[in-house]
Amino acid sequence: MIDEFIKKNLLASFRMAQFNQAFYKDYISSFDELTTWSKRLREELKKAVSFSTLVAVKKIESSDHGTQKVLFSRISDDKCFESVLMRHGDGRNTVCVSCMIGCPVGCLFCATGKMKFVGNLSAQEIVDQVLHFARLLKKEKQSLSNIVFMGMGEPLLNLDQVMESIKILNSAEKMGFGIRRITISTSGITPKIFELMKRGYKGRLALSLHAPLQKLRESIIPIAKKYELLELVSAVKAFATRTQLRVSYEYILISGLNDKPTHAQKLVRLLSKTDPELVHVNLIPYNPVGKAAFIRSSSNAIHAFADVLTHAGIQNTFRVTMGDDIKAACGQLAAE
Ligand code: SF4
């Protein structure tokens, strides 16, 4: 839209650079703050271009103020979705962006998967989520450390818009956000992992693995029926080898389902034959969603599971649950 405005009004090319500086780097809160442009030009811009594709309808903070969840409505059709800002204890700030409204994958442990799939978000709608939180952090004299595509939706099923948004976020002329601070998390769409490599994606990858066996995985991630587990994991290993970036294997621990030491041993076998530096298992306690029949694993079960991985030399962490009191934790996003 801004490109069209500049072209239509025959503005000099330096106007685009001024816009990009103010909008993507200085995180202005309205076009009135674009003071490198004349007032007349700003007024013309306001009439022609919307400042954001989104409206923040509601925000909720967790009781410890570490997590903020925002309900956005997109101005094109008023459809709503959520994104999350996580303020970590060590000073890092991570935005968990959504790339869809609802999700067609339908994972059984996920609130988004239980919603009706409404549609994809555009690249600018993804970028505007990031800008919203970047502006908020600027007011607090803080900055954004990481961007993760772990909100609503499967990024690899909206790959064109996700890649376009990453181009805007990473481009030196626009936001200039380091590519290695961006993570795409996928439920495992094998051919699209190869496509990511073909497109030269240099950011990080996380795989929502959640089970070390094909049938068990299919029972909680319906789309897993389409993609054979060994082929999926070997695609992910190929991505790690190509980029030399450590892949995060996400593993939600569900009591009695996938949290036994035998599952951990099978996971060790699945992740073997790869450089241990390129493997990291992120153990996530299950976060309750609606009336799901699942139960969070006990602390003993989680530690026993982690011990098996550690003894096999697999780096692992136990993710601290953030924002579960406001339903902003992993798997809890929905457009409430
Ligand atoms: S976990 Fe991710 S891929 Fe699965 S339903 Fe939820 S949003 Fe979709």
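Brief remarks on what is shown
- Of 25/192; 202/273; 59/237; 114/225; 266/327; 237/260, those spanning more than 29 Å from alpha-carbon to alpha-carbon: 25/192; 59/237; 266/327
- Here's the list of aspartates and glutamates a cross-link from residue 7 could span, going by alpha-carbon distance under 14 Å and ignoring same-chain residues fewer than 8 apart: 44.
- From most to least packed by mean Cβ count within 10 Å, the peptides 36-49, 106-119 give 106-119, 36-49.
- Separation in nanometres of the label points that stand 7 Å from Cα toward Cβ, at residue 265 and residue 47: 7.4
Read-outs throughout are calculated quantities, based only on the coordinates presented, and are distinct from any laboratory measurement. Keep in mind the model is a prediction, meaning the values are calculated, not measured. For neighbour counting, all protein chains shown are included, and Cβ atoms are generated from backbone atoms with ideal geometry for every residue, glycine included.
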